[in-house]
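Q: Mind having a look at this structure? Questions to follow.
The values are calculated or read from the model by the stated rules, or taken from the named source; none is laboratory data. Keep in mind that this is a model prediction, so the values were computed, not measured. Glycine also receives a Cβ, built like all others from the backbone with ideal geometry; neighbour counts cover every protein chain displayed. The accessibility values were calculated without ligands, DNA or RNA, using every heavy atom of the protein model including side chains. Shrake-Rupley method; radii C 1.70, N 1.55, O 1.52, S 1.80 Å.
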Amino acid sequence: MNKVFEVIIKEFGYDEPVFTKDLKNRIDMSDAALRQNLKRLSDKGALIKVRNGIYYLPRANSVLKKPRVNLDKVITRKYIKPIDKNVIGYTSGINFANQLGLTSQTASVTTIVTNETGRYEHEVTFGKKVVKIKRPKSSINNQNYKILQVLDLLNEFDRLSEIPLENSATNIKQYLKDVNITKKDLNEYIKKYPRKTLENFIEVELYNEFA
C-alpha cells in the first residue's frame, strides 16, 4: 500500500478532509515527493482533490459510483474546528440566528468568522458552495467562541432576528450556559464592538451572568 495512503487512513480516516499542511507534519517526505504521491492517488481515484492543498478520502465501499465530498465537513475542518485542534472559528449571521431559533430564514451563503484569515472579509468557493469568511474582532478559542458569536449577533440584532430583543434572552442564555469566562475578559471582548452591542447585551440581562 502507498505510504502516504497508509498515513492518511491511520491519522485521518475515511470521510475526513486531508490538508496537505497537516499531512506534512505526520510524514517524513519531501514536499515534491508528497505532491507526487497525492497526485498519483488522486489520478487513481483513491483520493478526491477538493482544491489546492485539500483532499478527501471517500469510503471504499461507497454505493455511489462517484463518491461525494462532504463540503460542510471540509469547511468546518478548515475554518472552524481542525481535526485534533482547538476551535478557530464559528458560524455567524442569519444562519446562527436561525440556529438559536430567532429567525426562520437561512442564508445560502454561510458566514464564518475565523482566525484562519488575515482579511476583513472575502468569499471562498468549494465546488458549488460559497462561504463568506470574516476576520474576528478577537482571536477565537475554545473558551470564547460562543460569547463572540453572541456579541456578533447582538451587534446586528435588528437585521438578523425576527423576534424582539427582550424575547430572545432565554434562547441566548441557554446557548451560553456552559461558557466560563471572567467579567474582565468579557469586558475586553465587548470593547471591540460598538456601544449598541453592549446596550443589547445588558438589555437581555447577560452581563451579570459572568463572574
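Q: Cα to Cα, under 21 Å, and not fewer than 8 places away if on the same chain: which lysines meet these conditions relative to K3?
A: Within the straight-line cut-off, K3 pairs with K21, K24, K39, K44, K49.
Q: A follow-up question, please. Might you tell me the accessible area per residue for the chain, computed with a 1.4 Å probe and given in Å²?
A: 57 Å²
Q: How much length is gained if the chain between D31 and D43 is pulled fully straight, taking 0.36 nm per residue apart and subtracting their Cα-Cα distance, in nm to one decimal?
A: Working it through step by step, the gained length comes to 2.5 nm.
Q: Sticking with this one: Which loop-located trypsin sites (Lys or Arg not before Pro) does region 128-167 contain, where loop means any DSSP state but H, G, I, E or B and the Cβ has at most 14 other Cβ atoms within 10 Å?
A: K128
Q: Given 10 °C and 1.306 mPa s, how large is the Stokes-Einstein diffusion coefficient of region 1-123 in µm²/s, with Rh as the Kirkwood radius over Cα pairs?
A: 98 µm²/s
Q: Obtain the radius of gyration and the Kirkwood radius of region 95-167 from its C-alpha atoms and give Rg over Rh.
A: Rounded to two decimals, Rg over Rh is 0.98.
Q: Let me ask another. For D178, what accessible area in Å² do you get when you roll a 1.4 Å probe over the heavy atoms of the protein chains, rounding to the nearest 10?
A: 100 Å²
Q: Name the aspartates and glutamates eligible as straight-distance cross-link partners of K183: C-alpha to C-alpha under 15 Å, and not fewer than 8 places from it in the same chain.
A: E205, E209
Q: Round to a whole angstrom and tell me the spacing of the C-alpha centers of region 151-196 and region 28-42.
A: What the calculation gives is 46 Å, centre to centre.
Q: Sort all Cα-Cα distances of the chain into consecutive 10 angstrom bins from zero, then give the percent of pairs in each bin up to the one containing the longest distance.
A: Over the chain, the share of Cα pairs per 10 Å bin runs 8, 29, 28, 19, 12, 4, 0 percent.
Q: Computed from the mean reciprocal separation of all distinct C-alpha pairs, what Kirkwood hydrodynamic radius does region 151-208 have, in Å?
A: Value: 11.8 Å, from the Cα pair sum.
Q: How high is the relative contact order of the chain, given as a whole-number percent (alpha carbon pairs under 8 Å, six or more residues apart)?
A: Relative contact order of the chain: 14 percent.
Q: Share of the chain's accessible area from carbon and sulfur, percent, 1.4 Å?
A: Roughly 45 percent, rounded to a whole number.
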